[in-house]
Amino acid sequence: MLARLAHIVHRRRALVVAAWVVLTIFGGFAAGKVSDRWFESFSIPGYSAYETNQKVLKTFGTGEQAPFVSVFTAKGDITKENLQPAIDKAAAVNPGSRVSSYANTHNPMYLSQDRHTAIAEIYPPGENTFSGDPQIKKVRAALQENAPDGVSAELTGLLPLFDASSGGGDGPSVLTEALIGGVGALIILMFVFGTLPAVAMPLVIALSAILNTFTLVWLLTYLTDVSIVVQFLIALVGLGVAIDYALLMIFRFREELAAGEDVETALVETMTHAGRSVIVSGSTVAVGLLSMVILPLPFIRSIGIGGMLIPAVSVLVSITLLPALLSLMGHRINKLRVMPKRFVTVSHPERGWWGRWAQFVVRRPWPVAAVGATIVGVLLAFGLQLNPSEAQAKDFPGKGDAIAGRQALESAGISPGAIKPFVILTPTAQVDQVVASVEKVDGVEGAAAPPTWRRDGLALVEAIPSDDGSSKDVRGTITRVKAALPPGASLGGVAPEDRDFVHAVYGNFGYVLLFVILLTYVLLARAFRSLLLPLKAVILNLVSLGAAYGIIVLIFQQGHGSEAIWNVPATQSIIPWIPLMIFAFLFGLSMDYEVFMLTRMREAYDETGDTGKAIQLGLARTGKLVTSAALVLMFAFFVLSTSPGTDIKQFGIGLAAGIIFDATIIRALLVPALVRLMGRWNWWLPSWAARPLRTAPSEPAPEPV
């Protein structure tokens, strides 16, 4: 089928290119239109804290966002100062804000023990969205301009701390960083191919894939909500996989031309072998992203559905537009040299560095496997210590007023739980009972019910936990508070909702993993015509993923190098969505390299019947390809670490380190060594298994001595 498609594309190449040019131009138009249709809400339907917060939002207009924490410090008794004007002015910046303080509750939990410091919680109205603007600078200015003489006032809290850690929102956007990644890819491609046409083609394919994916996502927004996160996936994954697939196709096309084939024959061979690998690789990437639909979170499901379109479009562009461009260029793909001739010449791969390395692995598989397993084992040990949780307030990097306010809280001995207080929704008649019950709970500093927090027969009670709302200890406090509440009352607030998010994601993660493993195994079993090779591929991919987790644990959770390089202290946790998205990205992207390598080994084995020769030919002919593709992706993702946000730093470093680790330790050491050790059983596919896979069985003969 792919050979027939190659002939059609070759004969109609001008028409194919013209059609894609029109579609890509329209994709640019669609990218502008879809920017107004993104879904920005984070919902966890069915989970108690989220549902409570939604009821509070509906009744009081506030409650989904964490409060601003105003910190007032005086030399004497702070209760003798009139703080109300400053609090009122700060709250008025966002009309409809809800306030709690010592002034309206007379509860000592808002004061330090020496009564020199007081806090006020100001809950801004509205939903928590990407584009929401809580007017942090204006709130801070109103607070400080109206503070009494001799009283210092700082504004801290979760939102100001996020703002401080991200440099006040300054820094390149993710899309800008993707463009920077594209420039880095251009430089790497120059060293890989050395000629202008060969360098330009992967970038053209990536641009077409990205813009045409925006067209499909724009249409998808009329059928379902699509998270704003999808635009970043399109830019980053689209850039990565499209360049990967273009590299594979161009490598094979130039190889066939160097072997003396005419343009059409070279194109047919490229499509028959490399095109098939592209389809299998795209399927595995799509499976990894599509697995997100299993999670009971609408915005993550939309990421799965939207994300699945990226590899699908990249595959379509790679097996239609790219062959048409290759057909148009023909031998001219090696013209217009921009690098020395040695980068342009397609040399015999078995005589190069990768060929020599492949021979060494075939001769010494046990030592190579032992080295790879040792490195992997160390990183897996760190990966098992992964703590998916929001960073505690003390671990936010940055400088300025928010950090000063956090320090003032700590110096005054006020609980860091004030950053993420609990909010309890209760019928008005039960307010006193709820306050009395919650105050007695171990791990709670105090509870208060401001008189103004009552509406439509409902009332709110605020409780400040003794520990940071993101700490491990607060999890037990949440459980105990829930148990202490009378019927009709429910617990909300940011900390309980964060805990529900972790439960929603990781409580169902086993189903995601099972879905991905089973579907990927079936796809690869058919592609490799083997029962053992896909099993090895899936296991090594999970090992690679665990090692990537170990890298981010080592750097960010434990702080080895994070502060020196990225100015981020050890967080003792990894932001909860990071491991999930690293899984969705890395499982499919790293499987690309497995498919590229093992497909070539399978092809070589079918020609020679010798596993050793298959490893040598397969590794020698794909080693440079896999390394080049990994470097392009690594650079694109590493650029994300320049983002001011800690979450994006963790995400970018996790992906960049995971990609390059996979392409080196896993694909260059463990894969060829294990294939060598498994011998002829790599290629075993009995007829009973081949029949449902609709492929030919494979009964390998004994290996030649």
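Evaluate Rg over Rh across region 4-131, taking Cα atoms for both radii and Kirkwood's formula for Rh.
Values: Rg = 27.4 Å, Rh = 19.6 Å.
Checking Rg against Rh, the ratio lands at 1.40.
Given 0.36 nm per residue, what is the gain on full extension from Glu703 to Ala436 after removing their alpha carbon distance, in nm?
88.3 nm
Sort Arg351, Arg276 by heavy-atom solvent-accessible area, probe 1.4 angstrom, most to least.
Of Arg351, Arg276, the descending order of accessible area is Arg351, Arg276.
Quote the convex hull volume per residue of region 664-705, based on C-alpha atoms, as a whole number of Å³.
Given the Cα convex hull of region 664-705, per-residue volume reads 88 Å³.
Are any of the pairs Lys33/Lys55; Lys58/Lys420; Lys55/Lys89; Lys137/Lys420; Lys55/Lys472 more than 25 Å apart by Cα-Cα distance, and if so, which?
The answer is Lys33/Lys55; Lys55/Lys89; Lys55/Lys472.
Can you tell me, using C-alpha contacts under 8 Å and at least 6 residues apart, the relative contact order of the chain as a whole percent? Walk me through the numbers on the way to the answer.
Numbers: 1317 pairs, mean separation 131.1, N = 705.
This gives 19 percent for the chain.
Where the Cα atoms of region 284-407 are projected onto their three principal axes, how long is each span, largest first, in whole Å?
64, 43, 38
Helix 473-484 versus the longest principal axis of the chain: what angle, 0 to 90°, nearest 10, using Cα atoms?
60 degrees
Kirkwood hydrodynamic radius for region 266-319: how many Å is it when counted over pairs of different Cα atoms? Please list the in-between numbers first.
On the way: mean 1/r = 0.0844 Å⁻¹.
This gives a value of 11.8 Å.
Below 8 Å, C-alpha to C-alpha, sequence gap of six or more: please give me the relative contact order for region 174-322 in percent.
Result for region 174-322 is 31 percent.
Quote the accessible area belonging to Thr79 in square angstrom, nearest 10, computed with a 1.4 Å probe and with ligands, DNA and RNA left uncounted.
About 50 Å², rounded to the nearest 10.
To the nearest 10 Å², what's Glu462's accessible area with a 1.4 Å probe?
Glu462 has an accessible surface of roughly 0 Å² with all protein chains in place.
In Å, what Kirkwood hydrodynamic radius results for the chain from the alpha-carbon pair distances?
It works out to 27.7 Å.
Can you tell me how region 1-44 classifies by the Cα gyration tensor, rounded, prolate or oblate, using a/c under 1.5 as the rounded cut?
Cα axes put region 1-44 in the oblate bin.
Give the accessible surface of the chain per residue, rounded to a whole number of Å², with probe radius 1.4 Å and ligands, DNA and RNA excluded. Write down the numbers at each step before the final one.
Numbers: 27400 Å² over 705 residues.
Per-residue accessible area for the chain comes out at 39 Å².
Expressed as a whole percentage, what fraction of the accessible surface of the chain belongs to carbon and sulfur atoms when a 1.4 Å probe is rolled over the protein heavy atoms?
The computed percentage sits at 61.
Mind grabbing the base-10 log of I(q)/I(0) for region 425-537 at q = 0.11, 0.13, 0.24 Å⁻¹? Debye formula, identical points on the C-alpha positions, no solvent, two decimal places.
Those come out to -0.52, -0.60, -1.24, one per q.
Over the Cα atoms of region 433-477, compute the convex hull volume and normalise it per residue, giving Å³.
About 84 Å³ per residue, rounded to a whole number.
Roughly how large, in nm² to one decimal, is the mean projection of the convex hull of the alpha-carbon atoms in region 538-680?
Average projection, Cα convex hull of region 538-680: 8.4 nm².
Top to bottom by accessible area (1.4 Å), largest first, where do Phe515, Phe396 land?
Descending order: Phe515, Phe396.
What's the Kirkwood radius of region 362-503 in Å, using all Cα pairs?
That comes to 17.8 Å for region 362-503.
Based on Cα positions only, what radius of gyration and what Dmax would you give for region 241-345, in angstroms?
17.1, 55
Classify region 469-624 as rounded, prolate or oblate, taking a ≥ b ≥ c as the square roots of the eigenvalues of its Cα gyration tensor: rounded when a/c is under 1.5, otherwise prolate if a/b is larger than b/c and oblate if not.
Details: a/c = 4.78, a/b = 2.10, b/c = 2.27.
It is oblate, given that a/c is not under 1.5 and a/b is not larger than b/c.
Go through Lys55, Lys137, Lys482 and list them by solvent-accessible area, largest first, probe radius 1.4 Å.
Lys137, Lys55, Lys482
The values are calculated or read from the model by the stated rules, or taken from the named source; none is laboratory data. As the structure is a prediction and not an experimental result, all values here were calculated from the model. Only protein heavy atoms, including side chains, enter the accessible area calculation; ligands, DNA and RNA are left aside. Shrake-Rupley method; radii C 1.70, N 1.55, O 1.52, S 1.80 Å.
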